[in-house]
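To start, the structure itself, in structure tokens.
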Amino acid sequence: MDNQFHWPILGQEFVKQYLQKEIICSQFAHAYIFTGLSHLGKKTVAEYFAASINCQNKKIARPCWQCASCIQIQKRTHPDVIFIQKSEDKSKILIGQIRELQRRLSLKSFITKFKVAIISDSEFLNEESANSLLKTIEEPYPNTIFILTVVDQKQLPLTITSRCQLIKFNSVPTYKIENWLISQNLSQQKATTIAGLANGCPGLASILLNNQDLIVQSENQALGFISLLKANINEKIIGVNELVGKNNENNKENIINTLEIWLSLIKDILYLRNGQPVVTFKNLKNKTSQISSAMDNNKIIKLGLNLLKLISDINKNVNSRLALENFLVNI
């Protein structure tokens with residue numbers, strides 16, 4: 001099977017093998033949900049899956065990215081592979097987008113056997129668009145495959161999830177991300193730092209690799225969290241206002257990115273508390289050591305778990321400001 005496909009995606013071995021087997025057997029579910037944290041490769045796997053299904057070149061590993069079908073998919077111009085994402089204001093997937101999808105799916109295909117609809121960040125379906133999509137999934141057009149990507153499938157209506165096959169994407173071990181970064185000619189120290197910041201998400205590591213100014217920004221955000229740990233209640237409220245105000249209440253992705261940096265710092269605190277070298281924020285070692293000496297393992301672990309819950313809650317569209325205030329006030 002390895003010789004038949006070329007999916008250079010870090011991690012997700014089970015997912016890749018499972019989907020590739022379905023391609024070989026030409027037996028597909030009519031709808032899939034790809035679920036897992038952001039930057040794990042859900043959208044990339046969906047694109048490789050669609051391209052491999054429709055690849056016209058049978059002599060080399062799929063997708064070839066050379067045939068007309070693969071090139072059209074890369075350019076987002078393929079008539080039978082349809083990409084849906086949030087509207088321009090980045091708030092919702094609108095009913096008009098689903099109706100246009102339905103129109104395109106209803107057209108007869110003269111190019112490929114299967115039509116594939118990839119709906120990214122499907123948690124942004126509003127009630128009207130979700131209900132419209134449900135009708136299409138309940139009564140799908142022949143040879144049509146739906147792929148919905150989502151951080152947490154619980155954010156979708158149960159009526160949709162019950163009709164889809166769930167594919168879970170898992171975090172990638174830090175050492176694998178670090179080894180990949182080193183293979184990109186990165187120094188050991190920078191690879192260790194970026195892998196630590198990535199928190200198991202290769203896509204985030206790739207973003208940091210291509211924009212290393214973000215590493216300095218991440219260090220500043222970690223430093224800001226250290227200040228918040230020591231702050232009084234009024235200072236914490238001001239910190240929340242700055243974080244939410246800077247990123248906009250509705251732009252939860254930027255808020256979550258900041259919280260994941262905080263999570264990396266908590267890991268450093270735990271490592272230092274237990275005599276292990278700091279993995280991520282080496283320049284903040286002295287400040288991190290002071291915090292680790294003032295907290296026992298149980299308190300550090302509880303802090304990390306509460307932060308994970310905060311990230312999960314914001315992903316579920318709870319009020320970011322109130323959730324952040326509750327988290328910081330109760331530290």
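Ranked for footprinting exposure by Cβ neighbours inside 10 Å, fewest first, VAL329, VAL172, VAL45 give VAL329, VAL45, VAL172.
Axis of helix 95-106 versus longest Cα principal axis of the chain: the two differ by about 30°, to the nearest ten degrees. The alpha-carbon atoms of the stretch 86-154, seen along their principal axes, cover 35, 22, 19 angstrom, with the largest extent given first. Taking packing as the residue-averaged number of other Cβ atoms within 10 angstrom, the listed peptides 157-164, 196-203 run from highest to lowest as 196-203, 157-164. Annotation: extensible slack from GLU253 through ILE301 equals 14.9 nm (criterion: 0.36 nm per residue apart, minus Cα-Cα distance).
Would you mind checking the tilt of helix 233-247 against the longest principal axis of the Cα atoms of the chain, expressed as 0 to 90 degrees and rounded to 10? The angle comes out at about 30 degrees.
With K and R counted +1 and D and E -1, the other residues having a Cβ less than 12 Å from that of SER227 yield a net charge of +1. Note on the stretch 24-79: Cα convex hull, mean projected area over all directions, 4.7 nm².
Quick check: the distance between the Cα centres of the stretch 92-133 and the stretch 1-66, to the nearest angstrom? Centre-to-centre (Cα) distance: 20 Å.
Taking the Cα centre of the stretch 157-291 as reference, the dipole from Cβ charges on Lys and Arg (+1) and Asp and Glu (-1) amounts to some 340 debye.
Computed from Cα atoms alone, the Kirkwood hydrodynamic radius reported for the stretch 13-168 is 15.8 Å. The C-alpha atoms of the stretch 212-329 occupy a region whose extents along the principal axes are 40, 33, 26 Å, arranged from largest to smallest. Given LEU324, LEU166, LEU307, which one lies farthest toward the positive end of the charge dipole of the chain, if we put +1 on the Cβ of every Lys and Arg and -1 on the Cβ of every Asp and Glu? Checked the options; the winner is LEU166. Other residues lying with their Cβ under 12 Å from the Cβ of ASN306 contribute a combined charge of +2, Lys and Arg counting +1, Asp and Glu -1. Computed over Cα pairs, the Kirkwood radius of the chain leads via Stokes-Einstein (0.692 mPa s, 37 °C) to a diffusion coefficient of 151 µm² per second.
Here the label points at SER171 and GLN74, each 7 Å from Cα along the C-beta direction, are separated by 3.4 nm in the simple model. Taking the centroid of alpha carbons for each part, the stretch 140-216 and the stretch 246-300 are 20 Å apart. For the stretch 259-331, averaging the sequence separation of C-alpha pairs within contact (under 8 Å, six or more residues apart) and dividing by the residue count gives a relative contact order of 31 percent. For the listed residue pairs LYS43/LYS113; LYS108/LYS316; LYS42/LYS108, the alpha carbons are over 32 angstrom apart in LYS108/LYS316. Quote the FRET efficiency, to the nearest 0.05, computed for ILE111 versus LYS316 with a Förster distance R0 of 25 Å and r equal to the Cβ-Cβ distance. About 0.05, to the nearest 0.05.
Every helix of 4 or more DSSP H residues in the chain counts as -39500 (n - 2.57), and over all residues that averages to -17500 deg cm²/dmol at 222 nm.
Our summary gives the chain a relative contact order of 17 percent, counting only alpha carbon pairs under 8 angstrom and 6 or more residues apart. Computed about the Cα centre, the dipole magnitude for the stretch 13-168 is approximately 560 debye when only Lys and Arg (+1) and Asp and Glu (-1) carry charge, each at its Cβ. Proximity of backbone amide H atoms, modeled 1.01 Å from N, is registered between PHE146 and ALA31, TYR32, ALA117 at under 5 Å, excluding neighbours fewer than 5 places apart on the same chain.
Every number here is computed from the coordinates shown, using simple stated rules; none is lab data. This is a predicted model, so every value here is computed, not measured. All Cβ positions, even for glycine, are placed from backbone atoms using ideal geometry, and neighbour counts span all protein chains on display.
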